[in-house]
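Have a look at the structure below, then the notes.
The values are calculated or read from the model by the stated rules, or taken from the named source; none is laboratory data. Predicted, not measured: the structure shown is a model, and the values here were computed from it. Positions of Cβ are backbone-derived with ideal geometry, glycine not excepted, and every protein chain shown enters the neighbour counts. Note: accessible area is taken over every heavy atom of the protein model, side chains too, but ligands, DNA and RNA are not part of it. Shrake-Rupley method; radii C 1.70, N 1.55, O 1.52, S 1.80 Å.
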Amino acid sequence: MKFTLDWLKDHLDTKASLEEISETLSRIGLEVEGIDNPGDKLGAFTIARVVEAEPHPNADKLRVCKVDTGNGMAQVVCGAPNARAGLIGVFAAPGVYVPGSDFTLRAAKIRSVESAGMLCSERELELSSEHDGIIDLPESVAKHIGERFVDVMGLNDPVIEIAITPNRPDALGVRGVARDLAAAGLGKLKKDDAAYAGDPKLKSPIKIKLDFENDAANACPVFAGRVIRGVRNGPAPAWLQRRLKAVGLRPINALVDVTNYISLDRCRPLHVYDVAKLSGPITARFGRRSEQLKALDGKTYMLDEAMCVIADANGVLGLGGVMGGEASGCTQSTTDVFIEAAYFDPLRTAMTGRKTGMNSDARYRFERGVDPQSAELGVALATKMILEICGGEPSKLEVAGEAPKDRTAIKFDPKRVEKLTGVKLKPAEITGYLKKLGFDIEGEAPKLHITAPSWRPDIHGPADLVEEVIRLHGIDNVPTTPLPSPLGTAKPIFTEAQKRLKAARRALASRGLVEAITWSFIPRADAEGFGGGSLETELANPISREMSFMRPSLIPGLLRAAAGNFNRGASDIALFEAGQAFAGDAPGDQFNAASGVRIGLARSGGMGRNWDGAGTSAGFLDAKADALATLAAFGFDPEKASVNRDAPGWLHPGRSGSLKLGPKTTLAVFGELHPDMAEASGLSGAVAVFEAYMDAVPAPKKKGSAKPRLETFDLQPVRRDFAFLLDREAAAGDVLKAALSADKALIVDAGIFDVFEGGALGAGKKSIGLEVTLQPREKTLTDQEIDAVSAKIISEVRRATGGEIRS
């Protein structure tokens, strides 16, 4: 939002300096982003008259000019085609910095002729891009020879630019800014008497109406306008053009410039139509799919049924709240003009702007919330300015619909200011701030009834009123209260879940996997492939179609990351991620997991090819080892987990499994990715994956402060080998578990060292070689004791798996 200092003072009676105004604006939340003061860069340029202009003796296109600077005569060599005797222009003496050319002027000889100064063009002063000739001022400024150019031409008005947050549409008008400054104590808000208050006799030849169903009436609840006959359109007055140029707008003609000025001055966008180009009544309605509009930006846009449009009998005239059409616009030949002011729904305006890609000052204001009760005022303001500048005869005001009047009413106790901020203010001070901002106040403290003004759509409750009071009183006045600092060492602040995630990241990184951070949003196909894709996990407003569902697993994101690396030439890939996944939208449906992917020769024992043997691709056993290591990092004893064959459908049916605690609690799943899933992910070959569910792991029992006693043995362990004949489908894990349970006091370890199938064993059979370690504690074991333990082992394996000892 830009405005000039003089423009601000049209609404604010203040003696404050520019620095005080800038400081106050930033203090009350209207942060100053910059101040451009033309007087600072153009202050050294003066008004001068060319007395003589003779041809240069050594150059056909140059002239030697005698210039009256007001402080004596100066000789200037000038190449401008319009340099002539009698011209009044802008002079720069040696030593002056020329901003448009970015150099400091100095006296010089040009083709052997002395030149002590310069006659400037508009581009050299950064007033415009015009550089075909030097500035040619009117004769009326002849009495100001020698005076500063910026002072004579009124260009010494500083331009202030402020940042506006989306919740403050009222500050998108100069009067709204002035109101805030007055409330902050930096002057007094001037009386608002700029609107037309006459009672015209002429009936409007243009009628207006609203055409919406009841459930869509909020698209344009009020539409006001009037005709002014006999206007003389042309260039706007110099003061109006100067202000528009200062804030970056190009003057067009008086009628259009008036609407642009009021939009900036009051945050009240307007539009003007040439009456001669209208047919029948003007109607606010929804667009139709076959309609199109050639807008004022010269582009043609296709419309649809969700867009609010302004139309006449011939078709669409403009998009409500966004931009008018080129066909009905006002030109120099316009004699009768229709002024339109309406209130358009902010959400529909924003939607229309996004669909079409149209950006305008009107859209910027309407989608943030123009004062809904300012339509009639906007027409009255424009009427007065047009009558003063262009003349004409106004008609009676036409109004369709009714402005929304649902202003927010709040019950408020002034003590709430101190409760929320610590600032002690008297009730009179609090109500004083709010009244200056336009709030209506009834009742007595502590039971005040405060109604927000129509131009403040951001006020919803008591906390908003406290914020208004404190920003005007000064954030710097809020007392600083340090938080209490307990004595001693601070207690750990990590939760158990945070500790587990941190431990899992460290454990997996130590196993050679590289951490990846992927999106929590994935495509529908990926979500459905990994057990998700329900309506509860679909995003209402996704970033893109490829990010429309919350992930039910971390693996889809890792697969996409791995595919990206694979497509760029990486063949051995090991990635992991620890984070959240989502089974639904209920509070308990979010869970923590740690997942990993291994591709190619990225095995846990080392990655890539090596001279010492043939490389082996990562497989389901690597995934199983990663899963067990992750459970161990979670603080769980992996030996307590049972290995099961059941696994999700996205894993290979014959090379996958799960780690469970009991029959129902799944701690992790592991295996090779299903070939169809690997192909869909753009990967080839075996893809080893795992996912460990942190929330399923039981919380560790609290340990005492005392460490367990170190237990050492001075007796040699005893190792015995067993070979069991089992059915081919029997699980080796069941054999191990049965052997370890035979005598928990003596058996300290067991491991499988051989698996053999075929040959003399027969079809459907296999042999498993098992090594069992016995650790005597008090005395050396006798042969009878060892045989007794061996018999228990054979018996337990037979009972658990049906296996028999091989003879």
Checklist entry - Is there a residue being open to solvent by 20 Å² or more (accessible area, probe 1.4 Å) and free of Cβ contacts under 8 Å to residues at least 60 places away in the same chain anywhere in the stretch 362-381? => result yes
Next on the checklist: Out of 764, 751, 733, I need the residue that is closer than 30 Å to residue 651 by Cβ and modelled with pLDDT of 90 or more. Which one?
Outcome noted: 751
Next on the checklist: Given the options 763, 745, name the one that is farther than 30 Å from residue 660 by Cα, surrounded by fewer than 12 Cβ atoms within 10 Å (Cβ to Cβ) and not charged (D, E, K, R).
Outcome noted: 763
Item to check | the stretch 785-807 residues that are over 17 Å from residue 745 (Cα atoms), paired with ones that are aromatic (Phe, Trp, Tyr) and surrounded by 13 or more Cβ atoms within 10 Å (Cβ to Cβ) (beta carbon under 6 Å, 6 or more apart) | outcome: 797/724; 803/724
Checklist outcome for this item: Among residues of the stretch 352-395 being in contact with a strand residue (DSSP E or B) (Cβ under 9 Å, 6 or more places away or on another chain) and β-branched (Val, Ile, Thr), the residue farthest from residue 250 (Cα to Cα) is 352
Item to check | Residue among 161, 147, 126 that is under 21 Å from residue 82 (Cα atoms) and touching a residue at least 24 places away in the same chain (Cβ under 8 Å) | outcome: 126
Checklist outcome for this item: Residue pairs qualifying under the 7 Å Cβ cut-off, at least six apart or on distinct chains, with the first in the stretch 294-320 being without any contact (Cβ under 8 Å) to a residue 12 or more places away in the chain and the second being basic (Lys, Arg), are 300/294
Next on the checklist: Kindly evaluate residue 172 against the criterion of being of a type outside the set (Asp, Glu), in contact (Cβ under 8 Å) with a residue 12 or more places away in the chain and touching a helix residue (DSSP H, G or I) at 6+ places or on another chain (Cβ under 7 Å).
Outcome noted: yes
Checklist outcome for this item: Inside the stretch 12-31, the number of residues satisfying the requirement of being out of contact with any Pro (no Cβ under 9 Å at 6 or more places or on another chain), open to solvent by 10 Å² or more (accessible area, probe 1.4 Å), touching a residue at least 40 places away in the same chain (Cβ under 8 Å) and under 20 Å from residue 189 (Cβ atoms) is 8
Next on the checklist: Please determine whether any residue of the stretch 421-435 is of a type in the set (Lys, Arg) and either in contact with a helix residue (DSSP H, G or I) (Cβ under 6 Å, 6 or more places away or on another chain) or crowded, with 18+ Cβ neighbours inside 10 Å (or both).
Outcome noted: yes
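Condition check ((1) within 28 Å of residue 128 (Cβ to Cβ); (2) out of contact with any His (no Cβ under 8 Å at 6 or more places or on another chain); (3) of a type in the set (Ser, Thr, Tyr)) across all residues:
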residue: 18; (1), (2), (3): yes, yes, no
residue: 64; (1), (2), (3): yes, no, no
residue: 73; (1), (2), (3): no, yes, no
residue: 80; (1), (2), (3): yes, yes, no
Checklist outcome for this item: Checked 561, 574 against criteria (out of contact with any Phe, Trp or Tyr (no Cβ under 7 Å at 6 or more places or on another chain), under 18 Å from residue 673 (Cβ atoms) and open to solvent by less than 20 Å² (accessible area, probe 1.4 Å)); the one match is 574
Checklist entry - In the stretch 604-613, is there at least one residue being out of contact with any Phe, Trp or Tyr (no Cβ under 6 Å at 6 or more places or on another chain) and modelled with pLDDT of 85 or more? => result no
Checklist entry - Could we say that residue 758 is at positive phi, out of contact with any Asp or Glu (no Cβ under 7 Å at 6 or more places or on another chain), open to solvent by 20 Å² or more (accessible area, probe 1.4 Å) and of a type outside the set (D, E, K, R) here? => result yes
Checklist outcome for this item: Among strands (runs of 3 or more DSSP E) completely within the stretch 58-143, the ones holding 2 or more residues that are hydrophobic (A, V, I, L, M, F, W, C) and crowded, with 18+ Cβ neighbours inside 10 Å are 59-68, 73-78, 88-92
Checklist outcome for this item: Looking across the stretch 545-558 at residues that are open to solvent by 30 Å² or more (accessible area, probe 1.4 Å) and under 14 Å from residue 525 (Cβ atoms), the single one that is modelled with the highest pLDDT is 547
Next on the checklist: Filter the stretch 616-671 down to the residues that are open to solvent by less than 10 Å² (accessible area, probe 1.4 Å) and in a strand (DSSP E or B) and list them by number.
Outcome noted: 651, 657, 658, 659, 667, 668, 669, 670, 671
Checklist entry - Between a first residue in the stretch 688-704 that is over 23 Å from residue 575 (Cβ atoms) and a second residue that is open to solvent by 10 Å² or more (accessible area, probe 1.4 Å) and at pLDDT 75 or above, which pairs have beta carbons less than 8 Å apart while being 6 or more apart in sequence or on different chains? => result 698/636; 698/661; 699/496; 700/635; 700/636
